[in-house]
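First up is the structure itself, then whatever we jot down about it.
The values are calculated or read from the model by the stated rules, or taken from the named source; none is laboratory data. Source: prediction; values computed, not measured. Because the Cβ atoms are built from the backbone with ideal geometry, glycine has one as well, and the counts that use them run over all protein chains shown.
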Amino acid sequence: MPEGHSVHRIARQFEAHFVGHRVTASSPQGRFAAGAAELDGLTVTDAQAVGKQLFLEFAADESAPRKWLRVHLGIYGAWDFAGDVSMDASAAAARGRIGQTGMKGVDAATQGAGTRGENEDSLASIGAPRRTRLRMAETEKETDLTEFPPPPVGQVRVRLLTDTAVADLRGPTACEVLLPEEVAFAIAKLGPDPLVDGGQASEDRFTETVRAKRTPIGLLLMDQSVVAGIGNVYRAELLFRARLNPHTPGNTLPDDVARALWRDWTHLLNIGVQTGQMLTMDDLDPEAYARALAHRDDRHWVYHRAGLPCRVCGTHIALEIAAARKLYWCPSCQA
């Protein structure tokens with residue numbers, strides 16, 4: 001399932017190439033025909049990500065009532081972008097600053113560079129969109145574009161088309177048109193997202209919520225009303241980085257430990273948005289960093305490593321089911 005960093009990157013793709021443009025909205029699949037008709041001919045005026053949910057705002061003009069498209073990709077959903085598109089605006093910001101704790105030998109000139117198709121800088125020179133096709137879901141994939149607009153491929157729930165770009169949505173868990181007050185209600189049900197509000201109030205809210213519950217921390221991190229955006233990969237990696245047993249009740253965590261979890265989530269989320277990868281390992285030299293960008297098996301401490309030796313202590317990584325998802329953890333480092 002796409003986690004928070006992917007949805008923020010999708011929102012930035014919309015910001016860069018759709019906001020300010022009038023769209024033709026359609027539902028090639030037919031299942032969203034009524035919703036598409038409500039949006040057809042309107043201008044995209046805003047794009048926001050909150051946790052795993054995307055909110056796109058539409059209006060006929062500045063004084064017209066707003067309508068919103070809410071999308072939750074779920075496990076199988078994906079956005080396909082095509083046309084004169086480049087990677088999102090975060091690419092330019094990512095270059096020139098180090099995003100990973102303790103990364104050895106990696107400077108501003110190499111940050112973000114990697115295998116073609118593996119991160120944001122591979123798509124085009126920054127500021128120079130070109131005709132391409134980009135799939136954005138849990139992973140990202142670029143292919144050549146031979147015609148524009150390309151014909152819909154597969155079961156496209158909704159297509160948003162401008163003069164220069166197109167976005168096709170497939171397989172979402174949720175796709176609905178909402179009024180502004182309904183959007184506010186949907187967001188209010190979500191926990192804090194560091195990239196929406198990274199201030200002290202959000203850290204306090206997360207910390208207080210976690211420390212008020214007897215629920216195991218391995219379940220709390222997956223609860224989108226506690227914290228928005230964390231999925232299976234980030235849950236396992238955050239707990240390992242904190243050396244926390246996933247069964248530890250939230251109300252037994254010291255205040256500083258809970259706050260450290262929030263700050264590390266903020267840190268890893270920013271790396272994910274910058275690189276397009278859930279890169280959770282520290283102290284990588286340039287060669288290891290390039291491998292981590294190119295291959296999932298080289299970028300995580302415990303995720304997807306059941307039965308393999310812990311990278312720190314050598315104990316075999318354990319696997320169990322928690323919150324209906326696979327949980328990976330080290331019984332020794334996280335005892």
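Of note:
- Residue in the stretch 160-167 that is in the same structural domain as Ala318 (by TED's automatic domain parsing) and surrounded by 19 or more Cβ atoms within 10 Å (Cβ to Cβ) present: no
- Residues of the stretch 312-335 satisfying the condition of being of a type outside the set (Val, Ile, Thr) and not in a loop (DSSP other than H, G, I, E, B): His316, Ala318, Leu319, Glu320, Ala322, Arg325, Lys326, Leu327, Tyr328, Trp329
- The single condition among (1) free of Cβ contacts under 8 Å to residues at least 12 places away in the same chain; (2) part of a loop (DSSP other than H, G, I, E, B) that Asp204 does not satisfy is (2).
- Qualifying residue in the stretch 292-307 (condition: aliphatic (A, V, I, L, M), modelled with pLDDT of 95 or more and not assigned by TED's automatic domain parsing to the domain that holds His8): yes
- Any hit, the stretch 246-267, residues being among the acidic types (Asp, Glu), within 18 Å of Phe206 (Cα to Cα), surrounded by 15 or more Cβ atoms within 10 Å (Cβ to Cβ) and in contact (Cβ under 8 Å) with a residue 12 or more places away in the chain: yes
- The residues in the stretch 218-245 that are assigned to a helix (DSSP H, G or I) and either touching a residue at least 60 places away in the same chain (Cβ under 8 Å) or acidic (Asp, Glu) (or both) can be counted, and the count is 11.
- Set side by side, the residues Val44, Val50 differ, and just one is under 23 Å from Ile230 (Cα atoms) and among the β-branched types (Val, Ile, Thr), which is Val50.
- Hits in the stretch 203-239 - residues which are more than 27 Å from Tyr303 (Cα to Cα) and either hydroxyl-bearing (Ser, Thr, Tyr) or in contact with a Gly (Cβ under 9 Å, 6 or more places away or on another chain) (or both): Arg205, Ala212
- Filtered residues of the stretch 36-86 (kept if surrounded by 19 or more Cβ atoms within 10 Å (Cβ to Cβ) and small (Gly, Ala, Ser)): Ala36, Ala47, Ala49, Gly51, Gly77, Ala78, Ala82, Gly83, Ser86
- Unique residue being on the phi > 0 side of the Ramachandran plot and touching a helix residue (DSSP H, G or I) at 6+ places or on another chain (Cβ under 7 Å) when the list is Gly314, Gly307, Gly276, Gly250: Gly276
- Against the numbered list (1) at pLDDT 95 or above; (2) closer than 22 Å to Val210 by Cα, Ala322 comes up short only at (1).
- Out of Thr132, Thr162, sole residue that is of a type in the set (S, T, N, Q) and modelled with pLDDT of 95 or more: Thr162
- Per the listing Ala290, Ala335, Ala322, the residue uniquely in contact (Cβ under 8 Å) with a residue 12 or more places away in the chain, closer than 15 Å to Asn232 by Cβ and surrounded by fewer than 21 Cβ atoms within 10 Å (Cβ to Cβ) is Ala322.
- The stretch 1-60 - residue that is part of a loop (DSSP other than H, G, I, E, B) and acidic (Asp, Glu) and, of those, nearest to Arg235 (Cα to Cα): Glu3
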